[in-house]
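The values are calculated or read from the model by the stated rules, or taken from the named source; none is laboratory data. Here the structure is a predicted model, which means the values were calculated and not measured. Reconstructed Cβ throughout: ideal geometry from the backbone, glycine too, with neighbour counts over all protein chains shown. SASA here: full protein model, heavy atoms, side chains in, ligands and nucleic acids out. Shrake-Rupley method; radii C 1.70, N 1.55, O 1.52, S 1.80 Å.
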Amino acid sequence: MNKKAKVILTRRWPERVMAEMAEKFDLTAPEKEGILAGHALVRALKACDIFAPSVFDAVQAPLINALPDSTRLIAIYGVGVNQVDLAAAKTRGIVISNTPDVLTEDTADLAIGLMLATLRRFHEGETMVRQGRWQGPSPLGFLGRKLTGKTLGIIGLGRIGLAVAKRARAFDMKLLYHSRSRKPDAEKMFGLNYLDVLSDLFKQADIVSLHCPLTPETRHLIDINALRLMKPSAYLINTGRGELVRETALVAALKDGVIAGAGLDVYEHEPRLSRGLAKLSNATLLPHIGSATLESREAMGFRTLQNIEHFLKTGKPLDIVA
Ligand code: NAP
């Protein structure tokens with residue numbers, strides 16, 4: 001019988017996936033919810049063929065260099081690979097895979113959810129109801145802003161950006177986008193208008209939604225200058241990565257009325273929030289849950305499993321990042 005590949009997980013995945021992983025591989029994973037880190041991780045990694053961290057874990061050069069020569073694949077559970085030192089992996093000849101597509105719909109749903117929640121002031125209203133401070137409905141109570149018909153500016157028209165555009169059409173929104181490359185087919189199919197110059201998108205959009213990856217080029221894409229270009233009535237939605245936004249500038253802009261509000265799933269220094277952010281009533285704040293449905297988290301696990309199996313058979317994962 002062939003020896004099973006040694007696979008190390010930094011975190012537990014949904015149980016259905018864990019059961020299949022344990023059947024197919026010689027699996028090491030934390031016993032309970034939590035993270036395999038520090039000495040325990042270093043010990044586990046001494047015998048490792050496949051390292052499977054989650055997208056939330058930093059996989060930097062010291063960790064990559066500590067992997068034994070037997071480790072040929074780092075199979076990331078998630079899409080964004082900004083926490084992985086791709087150059088260090090390349091130097092060691094280690095292949096990287098991720099799990100695109102399977103979390104696209106849920107992350108796009110969450111972006112639309114954040115738009116509705118922020119424009120319609122869900123958080124403020126819900127808090128008042130729960131605290132027993134609600135005096136009943138009134139003509140001027142909790143006036144928000146209408147989502148239907150607004151102009152949406154999508155930055156990064158990839159899988160998730162496009163899924164957001166599809167959903168936004170159901171709200172009769174006017175669609176603008178800026179991306180690294182132009183997408184003529186999507187423009188035709190979904191009525192998207194390409195803006196080559198990012199500042200034009202900031203000026204025209206009622207809602208700016210971020211869906212590009214975090215790279216050195218996109219880090220702090222939203223800074224005080226970008227925020228000042230936006231309309232005072234505009235909203236920022238971020239389900240991409242926290243570091244796309246200079247958070248201190250955003251807090252100041254939300255406080256000073258430079259923009260009207262923000263809906264955030266991700267933060268610059270997760271899980272810490274910049275000072276003042278938690279107090280702002282015009283911000284909706286979620287705990288990085290873009291892909292957090294049982295369906296997506298299982299699909300991400302099974303996709304990782306397929307990547308590992310394909311890699312073991314052919315030397316290449318299905319979803320190769322680098
Ligand atoms: P994707 O399909 O690769 O799309 C990314 C898009 O961004 C691509 O269209 C790309 O353009 C564009 N882009 C790259 N650099 C850019 C730049 N400098 N300026 C403008 N656009 C740029 O990725 P995806 O699957 O949609 O995921 C997007 C991001 O969402 C991930 O990287 C991840 O950080 C984030 N995410 C968050 C959650 C969450 O839980 N909140 C869940 C999943 C993903 P080209 O098409 O020309 O390459």
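Under the condition of being among the basic types (K, R) and either within 14 Å of the ligand (Cβ to nearest atom) or surrounded by 15 or more Cβ atoms within 10 Å (Cβ to Cβ) (or both), which residue from region 278-308 is nearest to A75 (Cα to Cα)? Out of the qualifying residues, it is R303.
Number of residues in region 221-246 that are more than 11 Å from the ligand (Cβ to nearest atom) and either among the aromatic types (F, W, Y) or over 20 Å from G257 (Cα atoms) (or both) equals 1.
Just to be sure, is Q135 crowded, with 17+ Cβ neighbours inside 10 Å, polar (S, T, N, Q) and at pLDDT 95 or above? Here the answer is no, as Q135 does not meet what is asked. Please verify whether A117 is closer than 15 Å to S209 by Cα and within 12 Å of the ligand (Cβ to nearest atom), treating the condition exactly as stated. When the stated conditions are applied, A117 does not pass them. Pairs meeting the criteria (first residue in region 100-127 and open to solvent by 70 Å² or more (accessible area, probe 1.4 Å), second residue within 12 Å of the ligand (Cβ to nearest atom) and part of a helix (DSSP H, G or I), beta carbons under 8 Å, at least 6 apart or on different chains) are D101/R159; E105/A163; E105/S296. Look at (1) under 21 Å from M300 (Cβ atoms); (2) surrounded by fewer than 20 Cβ atoms within 10 Å (Cβ to Cβ); (3) modelled with pLDDT of 95 or more and you find that R92 fails only one, number (1). The numbered conditions (1) open to solvent by less than 20 Å² (accessible area, probe 1.4 Å); (2) part of a helix (DSSP H, G or I) are all true for L152 except (2). Residues in region 1-26 that are surrounded by fewer than 18 Cβ atoms within 10 Å (Cβ to Cβ) and not in a helix (DSSP H, G or I): M1, N2, K3, K4, R11, P14, D26. Here F51 meets each of (1) outside any helix (DSSP H, G or I); (2) open to solvent by 50 Å² or more (accessible area, probe 1.4 Å) with one exception, condition (2). Which one is farthest from I112 (Cα to Cα), of the residues in region 201-221 that are charged (D, E, K, R), part of a loop (DSSP other than H, G, I, E, B) and open to solvent by 60 Å² or more (accessible area, probe 1.4 Å)? So the residue we want is E217. Considering region 181-199, the residues that are part of a helix (DSSP H, G or I), farther than 14 Å from K166 by Cα and touching a residue at least 24 places away in the same chain (Cβ under 8 Å) include one that is nearest to the chain's Cα centre (by Cα), namely L198. Can you find a residue in region 193-200 that is open to solvent by less than 20 Å² (accessible area, probe 1.4 Å) and either near the ligand (Cβ under 8 Å from one of its atoms) or not aromatic (F, W, Y) (or both)? No, the conditions are met nowhere in region 193-200. Quick one: in region 90-114, of everything that is in a helix (DSSP H, G or I) and out of contact with any helix residue (DSSP H, G or I) (no Cβ under 8 Å at 6 or more places or on another chain), which residue is nearest to the ligand (Cβ to nearest atom)? For region 90-114, the residue satisfying everything is L110. Among the residues of region 29-43, just one is in a loop (DSSP other than H, G, I, E, B) and on the phi > 0 side of the Ramachandran plot, namely G34. Collect the residues in region 54-89 that are open to solvent by 50 Å² or more (accessible area, probe 1.4 Å) and outside any helix (DSSP H, G or I), keeping them in residue-number order. Of everything in region 54-89, those that are open to solvent by 50 Å² or more (accessible area, probe 1.4 Å) and outside any helix (DSSP H, G or I) turn out to be F56, A58, Q60, D69, S70, R72, N82, Q83.
T314 - would you say it is under 18 Å from K4 (Cα atoms) and not hydrophobic (A, V, I, L, M, F, W, C)? Yes; evaluated as a whole, the condition is true for this residue. Per the listing L86, L9, the residue uniquely over 15 Å from F302 (Cβ atoms) and in contact (Cβ under 8 Å) with a residue 40 or more places away in the chain is L86. Is it the case that some residue within region 258-277 is touching a residue at least 12 places away in the same chain (Cβ under 8 Å), assigned to a strand (DSSP E or B) and open to solvent by 20 Å² or more (accessible area, probe 1.4 Å)? Yes, because at least one residue in region 258-277 is touching a residue at least 12 places away in the same chain (Cβ under 8 Å), assigned to a strand (DSSP E or B) and open to solvent by 20 Å² or more (accessible area, probe 1.4 Å).
When K150 is tested against (1) within 16 Å of the ligand (Cβ to nearest atom); (2) more than 23 Å from R180 (Cβ to Cβ), just one condition goes unmet, and that condition is (1). A count restricted to region 125-149 and to residues that are closer than 24 Å to A205 by Cα and in a helix (DSSP H, G or I) stands at 0.
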